[in-house]
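Since the structure comes first, as structure tokens, the remarks are kept for the end.
The values are calculated or read from the model by the stated rules, or taken from the named source; none is laboratory data. This structure is a prediction, so every number in the text was calculated from the model and none was measured. Note that each Cβ is placed from the backbone with ideal geometry, even for glycine, and that neighbours are counted across all protein chains shown.
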Amino acid sequence: MKIISKLPNIGTTIFTVMSGLAKEHQAINLSQGFPDFGCDLRLTELAQKYVSSGFNQYAPMTGAQPLRETISELLQNCYQAQYHPETEITITAGATQGIYTSIAAFINKGDEVIVFEPAYDCYIPAIEVHGGIVKAISLNYPNFTIDWTLVKNTITERTKMIIINSPHNPSGTTLQQSDLLELEKLVSGTDIIVVSDEVYEHMVFDGKVHQSVARFKTLSAQSIIVSSFGKTIHATGWKIGYVAAPKELMIEFRKVHQFLVFCVNHPFQLALADFLKDDQNYKGLHQFYETKRDYFRNLISTSRFQLEPCTGTYFQLLNYKAITQEKDTDFAIRLTKEKGLASIPLSVFYSNQQQQQLLRFCFAKKEETLEKAAEILCKI
């Protein structure tokens, strides 16, 4: 049977590869972004409550009403932004589905999409599978900032979408207010749609606030916000996220969403709605992870690795240029096999496999896990 692949150059995701390698070699897994501690017991009790109460059939296609109302309150509470729960918020099976659906709903063959690299690995395949043309722009190392003049010069009459991500995975950096104002000026008066990946929205450190597109009236009018609860509630396996967008964009988003997943599991949505009514369950998250960041950075401060800036997410980049000149993919594999510590090489997030001798480590772990990892790093 002759098969013509829509993604001929795509293999298994790096997260699967490195987690599999970690399991095979019984290594400490700081590669894939998931906690090794449990979620709040109140949350699991709420989930059990709704399962036992019979909420085990289809949820509404757009998401359970109580959860959409809670998200509307969250957006108002955090960003003073109004999104109507009926027409402007949809519950998704995680952020990846939200991003894919956004691209599927609006990108046609030949449309250009601007992506900033290093880029989370689900963006480019989704663009390509729908016939879009990727226009990759590299962020400026070491702070992974955007050159807005370059963005302006990259925009053409075929530019349909710009994808931004802040707090940024994999770099752990964040966009500033000035960045969003520049973006707002560039897209204002055009038909360009902004997809804003804000999965780590509640993890911004050092007294700063998350610059959501929801804060900017003109920009938000042509933007789709994608977020996820998995990171917020320490339960990545629940795979529940949300998308918020103006009604006109949401109408098209839902046309695709209904045939991609139709709806997301019902009892867990209701559990989340109850749990997030207490805003401290997300407003206190930045301090929780800032403490973990500082603990991990302090533990490895005497190592030969160079600590890169980390102002958001739960990822820390380490530069190993003082240790070896190996490719990051080779060093990450060797570190896993020989030293028992798994990480993610940064080059896989670039379409040209750009080498910067950087590895990404997840610090969403118990203190004892971070201590064991730091012991290994300090001996290298």
Exercise. Please work out which one of (1) touching a residue at least 60 places away in the same chain (Cβ under 8 Å); (2) surrounded by fewer than 22 Cβ atoms within 10 Å (Cβ to Cβ); (3) closer than 19 Å to Ser166 by Cα; (4) out of contact with any Phe, Trp or Tyr (no Cβ under 9 Å at 6 or more places or on another chain) is the condition Leu346 fails and give its number.
Key: (2)
Practice problem: Quick one: which strands (runs of 3 or more DSSP E) lie wholly within the range 162-271 and hold at least 3 residues that are assigned by TED's automatic domain parsing to the domain that holds Pro118 and in contact with a Gly (Cβ under 8 Å, 6 or more places away or on another chain)? | Solution: 223-228, 241-244
Quiz prompt | In the range 123-154, the residues that are assigned to a loop (DSSP other than H, G, I, E, B) and either among the basic types (Lys, Arg) or over 21 Å from Leu249 (Cα atoms) (or both) | solution = Leu139, Tyr141, Pro142, Asn143, Phe144, Ile146, Asp147
Quiz item: In the list Leu67, Leu75, which residue meets the criterion of being within 22 Å of the chain's Cα centre (by Cα), assigned to a helix (DSSP H, G or I), in contact (Cβ under 8 Å) with a residue 60 or more places away in the chain and within 25 Å of Gly172 (Cβ to Cβ)?
Solution: Leu75
Quiz item: Can you name the residue in the range 71-89 that is in contact with a Lys or Arg (Cβ under 6 Å, 6 or more places away or on another chain) and of a type in the set (Val, Ile, Thr) and is also farthest from Leu285 (Cα to Cα) among such residues?
Solution: Thr87
Exercise. Mind telling me which of the residues Gln287, Gln269, Gln306 ends up being touching a strand residue (DSSP E or B) at 6+ places or on another chain (Cβ under 7 Å) and either free of Cβ contacts under 8 Å to residues at least 12 places away in the same chain or surrounded by fewer than 18 Cβ atoms within 10 Å (Cβ to Cβ) (or both)?
Key: Gln306
Quiz item: Here is a list of conditions, (1) closer than 30 Å to Asp328 by Cβ; (2) crowded, with 18+ Cβ neighbours inside 10 Å; (3) of a type in the set (A, V, I, L, M, F, W, C), and Ala64 meets all of them except one; can you say which number that is?
Solution: (1)
Self-check item: Filter result (part of a loop (DSSP other than H, G, I, E, B) and of a type in the set (A, V, I, L, M, F, W, C)) within the range 78-99
Solution: Ala81, Ala93
Practice problem: Report whether or not Leu270 is under 21 Å from the mean Cα position of the chain (by Cα) and under 24 Å from Thr236 (Cα atoms). | Solution: no
Quiz item: In this structure, does Ser188 turn out to be surrounded by fewer than 24 Cβ atoms within 10 Å (Cβ to Cβ), in contact (Cβ under 8 Å) with a residue 12 or more places away in the chain and under 19 Å from Val113 (Cα atoms)?
Solution: yes
Quiz item: Quick one: would you say Tyr350 is under 18 Å from the mean Cα position of the chain (by Cα), more than 26 Å from Asp36 (Cα to Cα) and of a type outside the set (Asp, Glu)?
Solution: yes
